[in-house]
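One structure below.
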Amino acid sequence: MAACDKFVFTELLRPQDDDAGASARKAQKELKQDAKLANLLRTAVEAASDDTDWAPLTTVGSTIAKQAPEFDARNYGSDVP
């Protein structure tokens, strides 16, 4: 039997009006200073990269899901799940 390793905060599923969505999104400067996010992305890209140092985005996403199941791109201003 497989265990669930993907959890979704239901608050993220509700459509938000423009004002609430804008205030919930982090500014680009704030994202650049988020060391935990940068390390997660760096580690995932390194793990997914091939001999030519290219990493398919789907593989990076799968790696992130395995390393940090609580990660959701919508918390960082992206509408892509």
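Starting from residues that are out of contact with any Leu (no Cβ under 7 Å at 6 or more places or on another chain) and acidic (Asp, Glu), keep the ones in segment 29-72 and report whichever is surrounded by the fewest Cβ atoms within 10 Å (Cβ to Cβ). The extreme case among them is 51. For segment 16-57, the set of residues classified as modelled with pLDDT under 65 and not small (Gly, Ala, Ser) consists of 16, 17, 18, 19, 25, listed by residue number.
Yes/no per residue for (1) assigned to a helix (DSSP H, G or I); (2) more than 26 Å from residue 27 (Cβ to Cβ); (3) among the polar types (S, T, N, Q); (4) free of Cβ contacts under 8 Å to residues at least 12 places away in the same chain:
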| site | (1), (2), (3), (4) |
| --- | --- |
| 40 | yes, no, no, no |
| 43 | yes, no, yes, no |
| 47 | yes, yes, no, no |
| 50 | no, yes, no, yes |
| 54 | no, yes, no, yes |
| 64 | yes, no, no, no |
| 70 | no, no, no, no |
| 75 | yes, no, yes, no |
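Collect the residues in segment 37-58 that are within 20 Å of residue 75 (Cα to Cα), touching a helix residue (DSSP H, G or I) at 6+ places or on another chain (Cβ under 8 Å) and not hydrophobic (A, V, I, L, M, F, W, C), keeping them in residue-number order. Within segment 37-58, 43 is the sole residue that qualifies.
The values are calculated or read from the model by the stated rules, or taken from the named source; none is laboratory data. Quick caveat, the model's predicted, so the values are computed rather than measured. With ideal geometry, Cβ positions are generated from the backbone for all residues, glycine too; neighbour counts draw on all protein chains shown.
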